[in-house]
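The values are calculated or read from the model by the stated rules, or taken from the named source; none is laboratory data. Remember, it's a predicted structure, so these values are computed and weren't measured experimentally. When we count neighbours, we look across all protein chains shown, and the Cβ atoms used for this are built from the backbone with ideal geometry, even at glycine. To get the accessible areas, we keep the full protein, side chains included, count just its heavy atoms, and leave off ligands, DNA and RNA. Shrake-Rupley method; radii C 1.70, N 1.55, O 1.52, S 1.80 Å.
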Amino acid sequence: MSRVRVHNFSISLDGFGTGDGQSLEAPFGHAGQRLHAWMFATRFWDDAGTAGVDNAFAERHEPGIGAEIMGAGKFGPPGWQDDPEWRGWWGPNPPFHTPVYVLTHRPRPPLEMDGGTTFHFVDAEPVDALAVAREAADGQDIRIGGGATMLREFLAAGLVDHLHVVQVPIVLGRGVRLWDGLAALEEQYDVEAVSSPSGVTHLTFTR
Ligand SMILES: NC(=O)c1ccc[n+]([C@@H]2O[C@H](COP(=O)([O-])OP(=O)(O)OC[C@H]3O[C@@H](n4cnc5c(N)ncnc54)[C@H](OP(=O)(O)O)[C@@H]3O)[C@@H](O)[C@H]2O)c1
């Protein structure tokens, strides 16, 4: 059976997966780029980047994935549903190269992009969206892409097999929290922590 995986999901010390005030100019709100600075410094992101612990975790994002599911808040800034021209943040050739299922209460027809990415817009419960994505993934794994709101739903429903969370040593104070309502989640998983010299901690929750 294919697995449901989360990779490189970055949170602040106080558990926020994005900042407050998301907009076209500030996709992560007041967090800016601080949640993912560790990743931008790796070879996974940039050929001139580092090849140590952070890179080893970051590059696990890609292999074996046959489909992604993401939330409306990752696909675009608040209100993108009112813009018929919005095609995501990533340009004509998005970095997914698989079917991507965007959860939204305001679905629209699929968007076929260059490079094998097709965005499908679905209004469905997590378990039902996962069934559709699993079929499309054709035996490969399904990545849950975030943000925090939809990831929390998938975790609450017990649908995630492998969760890689990166705890970044910043305090955001406000934004969208990951862990709310998920008390004792860790009891369902084997948990490991690896500290990186960059200052982040890689936490893996494996069922
Ligand atoms: N920290 C990280 O590593 C990371 C990773 C990815 C993204 N992000 C950031 O996280 C932010 C987005 O996160 P977020 O928590 O605000 O939003 P999100 O989880 O991306 O999306 C939530 C929205 O998705 C739709 N949705 C969720 N579940 C649904 C369901 N079952 N059926 C239909 N629609 C459903 C709803 O949108 P509608 O009701 O409007 O349709 C809901 O408001 C962005 O800033 C993004 O850049 C961070």
Please express the Cα-Cα pair-distance distribution P(r) of the stretch 88-127 as a list of whole percents, one per 10 Å bin, running from 0 to the bin with the greatest distance. 32, 50, 18
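For the chain, what is the charge dipole size about the Cα centre, in debye to the nearest 20, if Lys and Arg each add +1 at the Cβ and Asp and Glu each add -1 at the Cβ? Working shown, then result.
Numbers: 15 positive and 27 negative charges, 45 e Å.
The dipole magnitude comes to about 220 debye.
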Putting +1 on Lys and Arg Cβ atoms and -1 on Asp and Glu Cβ atoms, find which of ALA48, PRO109, PHE75 reaches farthest to the positive end of the dipole of the chain. ALA48
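For the chain, what is the mean residue ellipticity at 222 nm derived from helices alone (per DSSP H run of n ≥ 4: -39500 (n - 2.57); sum divided by total residues; nearest 500 deg cm²/dmol)? Provide the component values of the computation, followed by the final result.
Working: 5 runs with 35 residues, N = 207.
Result for the chain, helices only: -4000 deg cm²/dmol.
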Rounded to whole Hz and in sequence order, give me ³J(HN,Hα) for the stretch 37-45 from the Karplus expression 6.51 cos²θ - 1.76 cosθ + 1.60, θ = phi - 60°, writing x for Gly and Pro. 4, 4, 7, 5, 7, 9, 5, 4, 9
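Rounded, prolate or oblate: pick one for the chain, where a ≥ b ≥ c are the square roots of the eigenvalues of its C-alpha gyration tensor, a/c under 1.5 means rounded, and failing that, prolate if a/b is larger than b/c, else oblate.
In terms of gyration-tensor shape, rounded.
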What is the extension gain from ALA131 to ALA183, computed as 0.36 nm multiplied by their sequence separation minus the C-alpha to C-alpha distance, in nm to one decimal? 16.1 nm
Given backbone amide H placed at 1.01 Å from N, residues whose amide H is under 5 Å from that of MET70, ignoring those fewer than 5 places away on the same chain, are TYR101, VAL102, LEU103, GLY145
Could you tell me which of GLY66, ALA136, LEU172 has its Cα farthest along the dipole of the chain towards the positive end, charges placed at Cβ (Lys, Arg +1; Asp, Glu -1), taken about the Cα centre? LEU172
Furthest towards positive pole of dipole, GLY19, ALA157, PRO95, structure part the chain, Cβ charges: GLY19
For a bin width of 5 Å, list the pair-distance distribution of the stretch 56-107 built from all Cα-Cα distances, rounded to whole %. 4, 17, 26, 23, 16, 8, 5, 1
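What is the dipole size for the stretch 139-200, taken about its Cα centre, with +1 at each Lys and Arg Cβ and -1 at each Asp and Glu Cβ, in debye to the nearest 20? Write out the running numbers ahead of the final one.
Working: 4 positive and 8 negative charges, 80 e Å.
With Lys and Arg at +1 and Asp and Glu at -1, about 380 debye.
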Pulled fully out, how much extra length does the chain show between HIS105 and ARG87, if you take 0.36 nm times their separation in residues and subtract their Cα-Cα distance? 4.8 nm
Give the average over all directions of the projected area of the C-alpha convex hull of the stretch 91-207, one decimal, in nm². 9.2
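For the full complex of protein chains and a 1.4 angstrom probe, list SER12, SER198, SER23 by accessible area with the highest value first.
The ranking, largest first, comes out as SER198, SER23, SER12.
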